[in-house]
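What follows is a single structure, written as C-alpha cells, with notes after it.
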Amino acid sequence: MRNFILKIITGFVIISCILYGVDKLATYGLSKSKFNTFKDLNELYENNINAEIILLGSSRTYVMMNPIIFDSILNMNTYNFGQDGATIHLQKAIFNDVITYNNSSLKLIIQNIDLTTLLPNKENYSKQRFYPHLDKKNLYTNLYNFDASFWKYKYIPLYKFSSSLSMFGRGLLLAFDIPIKENYTKIKGYRPSNENWNNDFEDYKKNLNTGKVVYDQDLLEDGFKILEEFIEETSKKGIQYIIVFAPMYIEMNNMQIQNEMLKKRLEEYALKYKHVYFYDYSNLPMNSDKGYFYNSYHLNTNGANIFSKRFANDLKQNSIIKK
Amino acid sequence: MLFNTLEFALYLPIVFILYWFVFNKNLKWQNGLIILASYVFYSWWDWRFLSLIIFSSLIDYYIGLALASTYEEKKRKRLLYLSMLVNLGFLGMFKYFNFFSENFAEAFTFFGKSIDSFTLNVILPVGISFYTFQTMSYTIDVYKKKLVPTKDIFSFLAFVSFFPQLVAGPIERATNLLPQFYRKRKFDNSTATDGLYQILWGLFKKVAIADQCSILVNAVFDDYHSYDSMSLIGAAILFAFQIYCDFSGYSDIAIGTSKLFGFKLMKNFAYPYFSRDIAEFWRRWHISLSTWFRDYVYIPLGGSKVETSKKIRNIFIIFILSGFWHGANWTYIFWGALNAIYFLPSLLKGTHRKNIQAIADNQILPGFGEFFRILKTFFLTVVAWVFFRSETLTGAFDFLIRSLTNDGENNYYVSLSNDELLQFLFTLILITVLVFYEWISRTKDFVKVDVLFSERKKPILTLFMATIFITIILIQTRNESVDFIYFQF
C-alpha cells in the first residue's frame, strides 16, 4: 500500500509539473499572439495601446463603432475594446486594466448601453481572449467575481485548451517563435461585419408569444448599480464618460418596452454628473432600414461607418472633449 | 456523478483513503462505506430515485431469504413472480409505459378508432435497467438454487449499489460480485496499478474519442437531409467508434475503479470490432448483458438445442429483448431484430462458434481473409448502429438510402471550420491510436499504456506515455461534461 501511494504521489507530482510546464509554455505563446482573439488584450498588457478614447461594450460596440473614423474626425487615438456577449459585468472586470495598462492619458470612455448589456449573462461570451493574462491578479480577481469557473482555467493545467487544439498548437508554436499564420482581421479592436440582413430577427419573433420583450427589473437594477460604479470611477480618474444608445432596428427597439425607462435613467445620470453624457441614437432614420443592419441588434459595415461618422461628429460639435 | 468530471476526480481519492485507511479494520464498516459512497454517488444525479434502489434491494433481499426458507414450489414461484413484478414493474412504469400507451393508441387509429394515449410525465431513473437486471439475477439464481441467499444485508445493499458499476454496468452476477463483499479485501499493489491504467484508458476513450466524435455525429444525424453521402457514411462510422468508446470507456473506468477497492468485476468488452463474424461480435460486445440474456432467457427457452423453428424463435426473442432493453423505441427493437437476422445464418449452419480462437493468433497482422471478415462484420454493425442512433425507423432507412444517393452536386457539403477540421483530423488520429493499442493488446484483458515497453525501460516510458495520454484527455475535454450514452438505458 505504501509503495502504491508513493508511486501515485510521485507520478502525480511529476505529471503535474510536466503539465504545468506545457501549460505555461503554450500560455506564454498565446500572450505573443497577434491572432484576432488575443491581439487586443496582448497589446494592452504590453502597454502598446496608447489610446485617448476607449470604446467599451458588447458586440454592439465591437461591430458598430469604427475607431478609424473616430481617429480622423476627433483627431484622437481611439481603440475598441467591445466584446461579443460581454455584459456590463464582464466589461467592469477588464475596465480597471484597460485604464491602468493604456499607455497614454485617457480622456474619454464611450460605452454602449442597452437592456441586454445590463443583464447578467455568463454564456455566449468568449473566455479565450483572457487566457494568456489570468496571471494578472486584478484581471483574474475581477473575472473570478464575474464567473467563478475561471479558477479552472487558471489552476487546472491545460484546461484552458480543452476542445481547442488549434489554440494549444498556436500557443506552443509561438512559444518557440515558430512563425505561423496570424490573421488579424479587425481594425483597432473593431470587427467590420460586411453582411446583409439575415433571418435571426424573424426567427426570434416567431418564438416570442406576446410580441413584447420584458426583462427582469431586479436584474436590470443590478446592472444599473454597476453602471454607477463606472460613473464613480471615471469621475475619480478625471475621465469623461459617454454613454451611448447605439442604433437598433426600429421594430426590436419598440418591442423592448423597457427601453424608454432605460433612456430616462441614462439621461438622469447625464444631468446628475458633470462628466457623464448621454447620446441616444435609437430614433435615427437609418434604424428603419434593414439595409444598414445584418440583424435587429447589429449594424453591418456600411451602417457602422455611417453611425460612427455621425457619432464622432456629434462629439466634435458638442466640444465635450477636454483637450 | 459522472466519471469524467472534476467532482469524481476529487470524490474517488476521498473514498479510497477512507476505505483503506479509516474503515479498513472492519469488513462491515468497509461495506457500509461502500453503501454510503454509492448512495452519495447516485444522489449526485437525483437523490429522490435512491428510494427505488433501496426499495428494490430490500424486496430482493427479503424474497431471497424467503425463497431459502420455503420448499413448497408454488410458494417459491409466487415469491419469484413478486420479485419480477416489482423490478419489471418499476422498469415498465419508468421506461416503457409511455411507449406502450402511445403504440396502443396508434394501433386503435389504424383500425379507424381514435383514442387519446395516456402518458406519464416521468423521468427515467439513471441506471434502472442495470441494477434491476442485477437484482433480478440474484433472485432467479436463488430460486434455481444456484446461489445461497445472503443474510448479510450490508453486503447485499453494497452488491446492488456498488458505485463503480451502478449506473452503466457491467451488470454483475451475484455469484461473482456478492461473495467478494463477504471476504476481507486485501490491497494489491499491481492490481491497483492495473486499475489506474484501465481508468486512464477508459477516460481516453470517453473524453478524447467518444465526446469528440459526438460533435460531428450529432450534427450529421440531426440534419442528415443536408449532408452528402460521404458525410453520412463518415458519421455512421464515427458513431460506431463513439458508442464503443463511450460505453467500453465507462466499463473500463468502472472495472479499474473496482480494482482500486479490491474488487474484480466481469469483463464487458473484448475488442468487439476485431470480430470475424456477428456471433463473435456478440461474444465480445456488452458481455454482461449478452450473457444475462443467454443464461436467463435463451437457455431456459431451450437455447440452440431445440428444433430449428424454435432456435430461430429463441434467437429473435433474445435479440429483440436486448434491443428493447436499450430503450422504448422501435429503432432499438429493429436494431435487435437486424442483429438476429445477421446471426441466424451462422446459427443454422452451425458455424456460430467457429471463431473462438484468438484473432491473428501468434501473428502481427491478420491474414487477408481474416481481415476481410473483420471488415465485413464491422460494416454490418455500422449499418445496425444507424438504427440504434436514429430517432425513428423511417429516419434510419432514409439515412441509409441517402448514404448511397446524396451526391455532392445536389447537396451542400458539411462545412467545417478550420478549427473543427483540425479537431476532426486529430480525432481520426486518436482513433488510429485506439485501434493500434487494442490490436497489440487483443489477447489481454485490457489495454495497458506500457504494453510496448520492456521491463527495464518501463517506469520512465510509462510515465511518459501516461503524461501524453493525460495531456490529450485534458485538451480534448469538452467544457461541459458529456453524459455517457448508456446512462439513458
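The values are calculated or read from the model by the stated rules, or taken from the named source; none is laboratory data. Not measured: the values here are computed from a predicted model. FYI the Cβ positions are ideal-geometry reconstructions off the backbone, even for glycines, and counts take in every protein chain you see. Calculation scope for accessible area: heavy atoms of the full protein, side chains included, ligands and nucleic acids excluded. Shrake-Rupley method; radii C 1.70, N 1.55, O 1.52, S 1.80 Å.
Observations
- Residue tally, condition open to solvent by less than 30 Å² (accessible area, probe 1.4 Å), in contact with a Ser or Thr (Cβ under 9 Å, 6 or more places away or on another chain) and under 29 Å from B:V217 (Cβ atoms), over the stretch B:421-469: 3
- Residue pairs whose Cβ atoms lie under 7 Å apart, sitting 6 or more positions apart in sequence or on different chains, and linking a residue in the stretch B:321-338 that is within 11 Å of B:W385 (Cα to Cα) to a partner that is at pLDDT below 90 and surrounded by 19 or more Cβ atoms within 10 Å (Cβ to Cβ), are B:Y332/B:H326.
- Helices (runs of 4 or more DSSP H) wholly inside the stretch B:381-489 containing at least 3 residues that are at pLDDT below 80: B:418-440, B:458-476
- The set of residues in the stretch B:252-308 being part of a loop (DSSP other than H, G, I, E, B), of a type in the set (A, V, I, L, M) and not assigned by TED's automatic domain parsing to the domain that holds B:Y437 consists of B:I299, B:L301, B:V306.
- Count of the stretch A:235-273 residues which are part of a helix (DSSP H, G or I), in contact (Cβ under 8 Å) with a residue 40 or more places away in the chain and either over 30 Å from A:F201 (Cβ atoms) or in contact with a Gly (Cβ under 6 Å, 6 or more places away or on another chain) (or both): 1
- Residues that are of a type in the set (A, V, I, L, M, F, W, C) and open to solvent by 40 Å² or more (accessible area, probe 1.4 Å), drawn from the stretch B:188-202: B:L196
- Inside the stretch B:24-71, residues that are open to solvent by 10 Å² or more (accessible area, probe 1.4 Å), over 17 Å from B:I153 (Cα atoms) and modelled with pLDDT of 90 or more make up a count of 2.
- Cβ pairs under 7 Å, 6+ apart, first in the stretch B:7-25 and within 14 Å of another protein chain (Cβ to nearest Cβ), second open to solvent by 60 Å² or more (accessible area, probe 1.4 Å) and assigned to a loop (DSSP other than H, G, I, E, B): B:W20/A:M1
- Yes/no for B:F181 being more than 14 Å from every other protein chain (Cβ to nearest Cβ), surrounded by 21 or more Cβ atoms within 10 Å (Cβ to Cβ) and closer than 30 Å to B:K151 by Cβ: yes
- Taking the stretch A:252-283 as the range and being open to solvent by less than 20 Å² (accessible area, probe 1.4 Å) and aliphatic (A, V, I, L, M) as the test, the residues that pass are A:M252, A:M255, A:L262, A:L266, A:V276.
- Among the residues of the stretch A:120-179, those that are hydrophobic (A, V, I, L, M, F, W, C), open to solvent by 20 Å² or more (accessible area, probe 1.4 Å) and either in contact with a Cys (Cβ under 6 Å, 6 or more places away or on another chain) or within 14 Å of chain B (Cβ to nearest Cβ) (or both) comprise A:A148, A:W151, A:I156, A:L165, A:F168, A:L172, A:L173.
- At least 3 residues being basic (K, R) is the threshold, and among the helices (runs of 4 or more DSSP H) wholly inside the stretch B:1-97 those reaching it are B:73-91.
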